[in-house]
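I have placed the structure first, in the form of structure tokens, so that the comments after it can refer back to it.
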Amino acid sequence: MTRFTLPRDVYHGKGALEALKTFEGKRAIICTGGGSMKRGGFLQKVEEYLKEAGMEISLFEGIESDPSVETVMRGAEAMQKFQPDWIVAIGGGSPIDAAKAMWIKYEYPETTFEDMCKVFGLPKLRTKAKFCAISSTSGTATEVTAFSIITDYQKGIKYPIADFEITPDVAIVDPELAHTMPKKLVAHTGMDAMTHAIEAYVSTANCDYTDSLAIHAIEMIQQHLVKSYNDDMDSRDAMHNAQCLAGMAFSNALLGIVHSMAHKTGAVFADQGAHIIHGAANAMYLPKVIAFNAKDETAKKRYGVIADYMHLGGSNDDEKVKLFIDYLRKMNDDLNIPHSINHYGADGLVAEKGFVPEEVFLERLHDIAANAILDACTSSNPRQPSQEEMEKLLKCCYYDTEVDF
């Protein structure tokens, strides 16, 4: 038996924010990030619509990118004081992910962060509050998923929380919010969405329900991502739907080692002056992981199916995999995303010399690989890497060398 879980309601299309007027409750806490939603007037609309629904409102603002365990605990404390029956998170993946973790702690105050990280081990939620997620970026799809990514900065590790209990009750996918994204964010979140769809399709947990969502998302992203990056707003709207479909797929089919590697490299070099932005990490690692996974015959056939839907050509699966990898590398070029960690510079742009020195990377390689293998996303990857293989794969991602193992 396999489970397929989505939010009870997904409101989508322009003007979907108005669905908030129909919510029933007494108190709603709104969780948001650094200010873009306020500058765009969307936060004010959310407040207005919830007040129109008869609710008292509290704000929890300033949730940072790559939200920390400490932010989660502060937010949960604010919820304990306010006692909301609705938690409404608006913004990109960070405020929504943080609010999901806050929700767990609010409902079960004795829960530790370590408890939250036990895969599919959460108690029943909704004893105090329901959850609404409103996405402003076109990539993470956390508004429809059973996942949350929280960073433990003391360890320099991003941890995925995975449980169907944190799937939101309501998702609002209004493309007008995505119009505010800067080009860099369009690129990185778009490649995050592409990675979600591809990893979901080849995951060992894929099924008929997830395959259709993943394939259509890939087709839409192929058609619209670069156009969206180049300011075609019709394509920007389409990408907002595409990333949500990809999220529906991976929330149920799970992911693979592209995400395991991205989680464990994202914050581990923070002392060198920057993070490796999640979507950019996925974009860099994805072609290497496809080459690695394609040594598995089942995965290779499924990559071939993706290539067929993308009309890439090729007379056999080996040719199709190569054309697929070449296509993704060209997308990275079109989106100004580096191919390797050693050329990953400021703001995730291509640099002659990246911010991660070779000696630092090599010094930390063993632990990064070990942590990536332990990541929740690794178990559903079609090929299980050994410690030695994971280290070799990470080296290929650092130097942009061929995966021949």
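Points to keep in mind about this one:
- Residue-count net charge about residue 162 - beta-carbon cut-off 15 Å; Lys, Arg +1, Asp, Glu -1: -3
- Residues 349, 6, sorted by accessible area with the largest first, give 349, 6 [1.4 Å probe; ligands and nucleic acids excluded].
- Most mobile listed residue (307, 217, 249) in the chain, GNM with C-alpha springs under 10 Å: 307
- For residue 126, solvent-accessible area (1.4 Å; no DNA, RNA or ligand), Å²: 90 Å²
- When DSSP beta bridges are restricted to pairs lying wholly in the chain, around 25% turn out antiparallel.
- Principal-axis tilt of helix 358-374 within the chain, Cα atoms, nearest 10 degrees: 70 degrees
- Pairs of lysines in segment 293-405 (C-alpha under 14 Å apart; 8 or more residues apart or interchain): 7
- A crude spin-label estimate for the pair residue 370 and residue 128, with each label 7 Å from Cα along the Cβ direction, gives 3.7 nm.
- A simple spin-label model places pseudo-atoms 7 Å from Cα toward Cβ; at residue 359 and residue 231 they are separated by 4.5 nm.
- Accessible area per residue, Å², segment 11-58 with all protein chains present, probe 1.4 Å: 51 Å²
- Solvent-accessible heavy-atom area per residue, rounded to whole Å², over segment 284-327 at 1.4 Å: 43 Å²
- One chain, two ends: residue 297 and residue 334. Fully extended at 0.36 nm per residue, the span grows by 10.3 nm beyond their Cα-Cα distance.
- Nitroxide proxy distance, nm - points 7 Å out along Cα→Cβ at residue 223 and residue 64: 4.1 nm
- Efficiency of FRET between residue 271 and residue 405 - r from beta-carbon atoms, R0 25 angstrom, step 0.05: 0.25
- Distance between segment 21-46 and segment 262-296 - C-alpha centres, whole angstrom: 32 Å
- Accessible area of the chain belonging to carbon and sulfur atoms, whole % at 1.4 Å probe: 50 percent
- What separates the Cα centres of segment 182-243 and segment 341-403 is a distance of 23 Å.
- FRET efficiency for residue 351 and residue 211, using Cβ-Cβ distance with R0 set to 56 Å, rounded to 0.05: 0.90
- Compactness check for segment 1-95: Cα Rg over 2.2 N^0.38 Å is 1.15.
- 0 to 90° range, to nearest 10: angle between helix 93-107 axis and the chain longest Cα axis: 50 degrees
- If R0 is taken as 30 Å, the Cβ-Cβ distance between residue 4 and residue 115 corresponds to a FRET efficiency of 0.70.
- Per the Debye calculation on the chain with a single equal scatterer at every Cα and no solvent contribution, log₁₀ I(q)/I(0) for q = 0.07, 0.12, 0.14 Å⁻¹ amounts to -0.29, -0.89, -1.23.
- Angle of helix 297-309 to the longest C-alpha principal axis of the chain, folded into 0 to 90 degrees and rounded to 10: 70°.
- Restriction of the trypsin sites (Lys or Arg not before Pro) in segment 315-353 to DSSP coil positions whose beta-carbon has at most 15 other beta-carbons within 10 angstrom yields 353.
- For 4, 250, the ranking by accessible surface with the largest value first comes to 4, 250, using a 1.4 Å probe.
- DSSP loop GluC sites (Glu not before Pro) with at most 16 other Cβ within 10 Å: longest gap in the chain: 111-351
The values are calculated or read from the model by the stated rules, or taken from the named source; none is laboratory data. All figures in this text were calculated on a predicted structure; none of them were measured in a lab. Note that each Cβ is placed from the backbone with ideal geometry, even for glycine, and that neighbours are counted across all protein chains shown. For accessibility, only protein heavy atoms count, side chains too; no ligands or nucleic acids. Shrake-Rupley method; radii C 1.70, N 1.55, O 1.52, S 1.80 Å.
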